[in-house]
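**Q** Before we start, here is the structure in question, set down as structure tokens.
The values are calculated or read from the model by the stated rules, or taken from the named source; none is laboratory data. Keep in mind that what you see is a predicted model, and the values were worked out from it rather than measured. Here the Cβ positions follow ideal geometry from the backbone for every residue, glycine too, while neighbour counts run over all protein chains shown. In case anyone asks, the SASA skips ligands and DNA or RNA and just uses the protein heavy atoms, side chains included. Shrake-Rupley method; radii C 1.70, N 1.55, O 1.52, S 1.80 Å.
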Number of protein chains: 2
Amino acid sequence: MIQAKAYAAQDSQTDLAPWDFERREVGPHDVQIEILFCGVCHSDLHQIKNDWFPGVFPMVPGHEIVGRIIKVGDHVKNFKIGELAGVGCMVDSCQVCENCKEGLEQYCFEGNTQTYNNLDRSGVPTYGGYSNTIVVREEFVLHVSDKLSLAATAPLLCAGITTYSPLRHWKVGKGHKLAVLGLGGLGHMGVKFGVAFGAEVTVLSTSASKEAAAKELGAHKFVVTSDPEQVKAVKSSFDFILDTVSAPHDMNMYLSLLKTNGVHICVGVPPEPMSIAAFSLLGGRRSVAGSGIGGVRETQEMLDFCVQHNIVSDIEVIDIKDITKSYERMLKGDVRYRFVIDMATL
Amino acid sequence: MIQAKAYAAQDSQTDLAPWDFERREVGPHDVQIEILFCGVCHSDLHQIKNDWFPGVFPMVPGHEIVGRIIKVGDHVKNFKIGELAGVGCMVDSCQVCENCKEGLEQYCFEGNTQTYNNLDRSGVPTYGGYSNTIVVREEFVLHVSDKLSLAATAPLLCAGITTYSPLRHWKVGKGHKLAVLGLGGLGHMGVKFGVAFGAEVTVLSTSASKEAAAKELGAHKFVVTSDPEQVKAVKSSFDFILDTVSAPHDMNMYLSLLKTNGVHICVGVPPEPMSIAAFSLLGGRRSVAGSGIGGVRETQEMLDFCVQHNIVSDIEVIDIKDITKSYERMLKGDVRYRFVIDMATL
């Protein structure tokens with residue numbers, strides 16, 4: 001077994017603290033990565049706090065992982081020692097179902113194996129990226145370029161693919177009006193991709209103070225949703241809303257901003273169910289859809305797209321000893337736009 | 001003015017009763033129809049009872065209208081005295097917005113003018129088909145064939161187009177698994193169209209007693225949704241669910257029956273908002289969509305399709321004096337599948 005160290009939550013009530021544990025040996029199809037940076041996702045906190053479902057503890061969060069390959073199994077074909085690599089939200093899936101075969105491992109019929117807070121296919125808990133090293137089968141390892149900031153690449157593995165994938169799936173691009181709801185880790189990536197794909201991007205926010213930041217990211221327009229006049233002016237005007245908000249919000253108001261045939265795409269996960277009036281959908285053949293991360297192939301495509309278009313996340317690098325303080329700031333929305341842990345501080 | 005008679009509700013608390021009123025004179029672009037049959041839609045009752053919004057009273061319900069043309073305006077091009085004709089849920093729209101130009105008058109930017117319980121574009125209340133005659137601008141009049149039962153054609157004007165339109169929009173057909181939720185006026189038409197379009201049709205019902213009826217309509221499969229084993233067997237199996245239910249129901253359970261990328265299409269309108277967990281959508285890129293009736297052009301296409309494929313509604317013809325009793329039976333689901341008023345009984 002490989003000795004590893006990490007920051008872990010021992011239960012849902014306790015702050016993260018240093019923890020030593022064991023990773024599996026590098027198997028013939030495995031890649032071992034020395035983790036250099038790991039992004040801090042809002043879902044890390046949701047999972048530590050059992051917001052969605054009871055967690056597997058001790059829990060080592062982190063699914064925005066980048067680092068350097070330090071060992072490869074005998075049968076590994078696509079990775080070499082010394083290369084940069086990334087790992088996102090999944091580390092395994094059945095690999096044989098219809099969805100896996102189509103590159104939609106995130107929707108594996110058996111369920112994919114999450115990078116942490118899950119049991120792997122042999123029943124062993126998975127531990128995430130707030131750690132010095134990880135062992136992952138090569139099919140779930142991504143190639144990472146040295147042309148972009150490595151720390152700022154980490155959030156692409158979740159926040160990036162989670163916004164890239166639905167915009168690609170619904171073919172959002174030139175001629176479309178895209179609203180991005182929420183300007184956090186996901187939202188700011190949604191703006192960057194929306195702009196890169198050629199859409200007219202409007203940021204919807206409750207807070208007028210975010211306008212300058214939204215425009216800096218490339219957004220063309222900004223609407224303060226607490227101002228009824230501004231909201232009225234964009235009624236029935238968007239082809240798509242990319243909804244990155246994981247707090248409760250008034251879905252029927254947002255649906256009224258969609259054109260006929262418009263799609264409201266949820267990528268955030270509010271803990272409470274959404275309340276949707278049938279008339280909000282019928283009056284314009286509107287849809288509410290959900291999208292979860294992206295498949296491995298599409299994640300690689302996104303990383304390559306980011307290299308071509310010089311897209312990374314806007315980040316604030318932190319010391320892992322400040323993780324609890326960083327969670328507090330994240331909850332207040334006091335981060336532009338993603339915390340990334342420098343794993344050298346572990 | 002034209003003297004007309006009808007059954008009307010004087011307010012939301014009172015049963016329908018005979019009422020005399022005036023229709024506008026036949027204008028140069030108008031068609032006057034002697035109403036022979038009018039279908040009884042669940043939404044008639046919702047509107048009389050102010051379930052959705054405060055109504056315009058006195059209210060003459062009815063938007064599944066068929067009859068014979070008895071007068072045409074000087075500029076009417078497409079209709080002649082003596083022909084059969086139909087009128088559905090709309091009698092006007094702006095005719096110039098993007099949606100109207102595309103034949104989506106139901107989604108007119110200004111709002112379409114509903115056949116009853118609405119004010120027309122000059123501010124005069126509209127009165128529906130529980131009446132001996134109606135005057136409608138020709139753009140909103142449909143050609144009705146004499147090859148099908150006229151009484152059984154009436155429900156096509158709402159129940160028919162409301163199910164035909166979304167199945168066409170989402171291109172439901174061969175190779176698709178379609179579930180129809182609810183086996184009433186809308187649901188039974190959904191089954192007939194789904195079968196005609198080549199889909200494998202499953203009826204989802206809480207009541208095992210409806211299986212024979214569903215199969216008679218052409219459904220290939222039947223699932224009793226109160227039986228957990230039967231539900232489990234169809235998890236993640238449908239491409240589309242056509243949801244015709246206007247009572248509260250467990251959306252998250254139904255969403256779990258959709259395949260990856262599956263679409264749950266709402267055409268019924270429950271009075272309370274639906275409660276939808278984000279995970280129900282994210283876990284398979286599923287959507288909940290709504291669809292409202294259909295445009296005029298598509299309604300004519302649907303009527304023509306029905307002639308070609310010998311499709312009509314299964315009906316029970318009633319005397320208008322039994323309307324209140326019929327509403328009571330409709331509320332209990334005691335009708336196969338649509339009441340149609342014989343207007344000769346007025």
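**Q** When we measure straight from the Cα of A:Lys49, which lysines land under 20 angstrom away, once same-chain ones fewer than 8 places off are left out?
**A** Here the lysines satisfying the reach criterion relative to A:Lys49 are A:Lys321, A:Lys325, A:Lys332.
**Q** What are the nm distances, shortest first, from A:Glu25 to its equivalents in the other copies, labels at 7 Å along Cα→Cβ?
**A** 9.9
**Q** B:Met253: accessible area at probe 1.4 Å, nearest 10 Å²?
**A** 40
**Q** Determine the sum of side-chain charges near B:Glu301: Lys and Arg each +1, Asp and Glu each -1, restricted to other residues whose C-beta is under 15 angstrom from that of B:Glu301.
**A** Neighbourhood net charge equals -1.
**Q** What are the nm distances, shortest first, from A:Gln308 to its equivalents in the other copies, labels at 7 Å along Cα→Cβ?
**A** Its label point is 4.2 nm from the equivalent points in the other copies.
**Q** Using Cα positions and a limit of under 19 Å, work out the lysines in reach of B:Lys259, with same-chain residues fewer than 8 apart set aside.
**A** Hits, sequence-local ones excluded: A:Lys101, B:Lys171, B:Lys174, B:Lys177, B:Lys221, B:Lys232, B:Lys235.
**Q** While we're looking at this one, here's another question. Treat each spin label as a single point 7 Å out from the Cα along the C-beta direction, and report the B:Lys235 to B:Lys332 distance in nm.
**A** Label at B:Lys235, label at B:Lys332, 3.8 nm between them.
**Q** Using only alpha carbon pairs under 8 Å that are at least six residues apart, calculate the relative contact order of chain B and give it in whole percent.
**A** 18
**Q** Top mean-square fluctuation among A:Asn117, A:Asn132, A:Asn261, Gaussian network model of chain A, C-alpha springs under 10 Å?
**A** A:Asn261
**Q** Helix A:159-169: angle to the longest alpha-carbon principal axis of chain A, degrees 0 to 90, nearest 10?
**A** Compared with the principal axis, the helix lies near 60 degrees.
**Q** What distance in nm lies between label points placed 7 Å from Cα along the C-beta direction at B:Lys221 and B:Glu83?
**A** Distance between label points: 4.4 nm.
**Q** How high is the relative contact order of segment A:86-207, in percent, counting Cα pairs under 8 Å that sit 6 or more residues apart?
**A** Averaging sequence separation for qualifying contacts and normalising by length gives 19 percent for segment A:86-207.
**Q** With springs only between Cα atoms under 10 Å, which of A:Gly67, A:Gly123, A:Gly184 fluctuates most in a Gaussian network model of chain A?
**A** Taking springs between Cα atoms under 10 Å, the residue moving most is A:Gly123.
**Q** Please give the FRET efficiency for A:Asp146 paired with A:Glu98, using the beta carbon to beta carbon distance and R0 = 45 Å, rounded to the nearest 0.05.
**A** 0.80
**Q** Something else: At most 14 other Cβ atoms within 10 Å and a DSSP loop assignment: could you name the trypsin sites (Lys or Arg not before Pro) in segment A:277-346 that fit?
**A** A:Lys332
**Q** Something else: Determine the relative contact order of segment A:286-346: mean sequence separation of Cα pairs under 8 Å and six or more apart, normalised by residue count, in whole percent.
**A** Relative contact order here is 36 percent.
**Q** Just to confirm the number: angle between the C-alpha axis of helix A:296-309 and the first principal axis of chain A, 0 to 90 degrees, nearest 10?
**A** 70
**Q** Also: May I ask for the net charge around A:Met274, where only other residues with Cβ less than 13 Å from the Cβ of A:Met274 are counted and Lys, Arg are +1 while Asp, Glu are -1?
**A** Around A:Met274, the charge tally is -3.
**Q** At B:Lys332, with labels set 7 Å past Cα in the Cβ direction, how many nm apart are the copies from this one, shortest first?
**A** Computed spacing set for this position: 6.3 nm.
**Q** Given the DSSP H assignment, sum -39500 (n - 2.57) over each helix run of at least 4 residues in chain B and divide by its residue total; what's the result at 222 nm in deg cm²/dmol, nearest 500?
**A** -6000 deg cm²/dmol, from helical runs alone.
**Q** Further question on the same structure: Mind putting a number on the dipole of segment B:160-290 about its Cα centre? Charges go on the C-beta only, +1 for Lys and Arg and -1 for Asp and Glu, and I need it in Debye to the nearest 20.
**A** 480
**Q** Sort A:His188, B:His42 from largest to smallest accessible area, using a 1.4 Å probe on the heavy atoms of the protein chains.
**A** Putting A:His188, B:His42 in descending order of accessible area: B:His42, A:His188.
**Q** How big a patch of accessible area, both sides summed and in Å² to the nearest 100, lies buried between A and B at a 1.4 Å probe?
**A** Values: alone 14950 and 14940 Å², together 27190 Å².
Separately minus together, A and B give about 2700 Å² buried.
**Q** At a probe radius of 1.4 Å, what is the per-residue accessible area of B:Lys101, in Å² to the nearest 10?
**A** That residue has around 150 Å² of solvent-accessible surface.
**Q** From the protein chains alone at 1.4 Å, what is the descending order of accessible area for A:Asp30, A:Asp304, B:Asp319, largest first?
**A** From most accessible down to least: A:Asp304, B:Asp319, A:Asp30.
**Q** Provide the net charge surrounding B:Gly187, with neighbours chosen by a C-beta distance below 13 Å and charges set as Lys +1, Arg +1, Asp -1, Glu -1.
**A** Net charge in that neighbourhood comes out at +2.
**Q** Something else about it: For chain B, modelled as a GNM with alpha-carbon contacts under 10 angstrom, which of B:Pro28, B:Pro125, B:Pro273 fluctuates the most?
**A** Comparing B:Pro28, B:Pro125, B:Pro273 in a Gaussian network model of chain B, the most mobile one is B:Pro273.
**Q** Taking all protein chains together and a probe of 1.4 Å, list A:Lys232, B:Lys174 from the most accessible to the least accessible.
**A** Correct descending sequence by accessible area is B:Lys174, A:Lys232.
**Q** Which lysines have a Cα lying under 24 Å from the Cα of A:Lys80, excluding residues fewer than 8 positions away in the same chain?
**A** The qualifying lysines are A:Lys5, A:Lys71, A:Lys147.
**Q** A further question on this structure: Segment A:70-148 to segment B:180-213: how many Å between their Cα centroids?
**A** 43
**Q** Given the protein chains as shown and a 1.4 Å probe, how many square angstrom of A:Glu229 are accessible, to the nearest 10?
**A** The accessible area comes out at roughly 130 Å².
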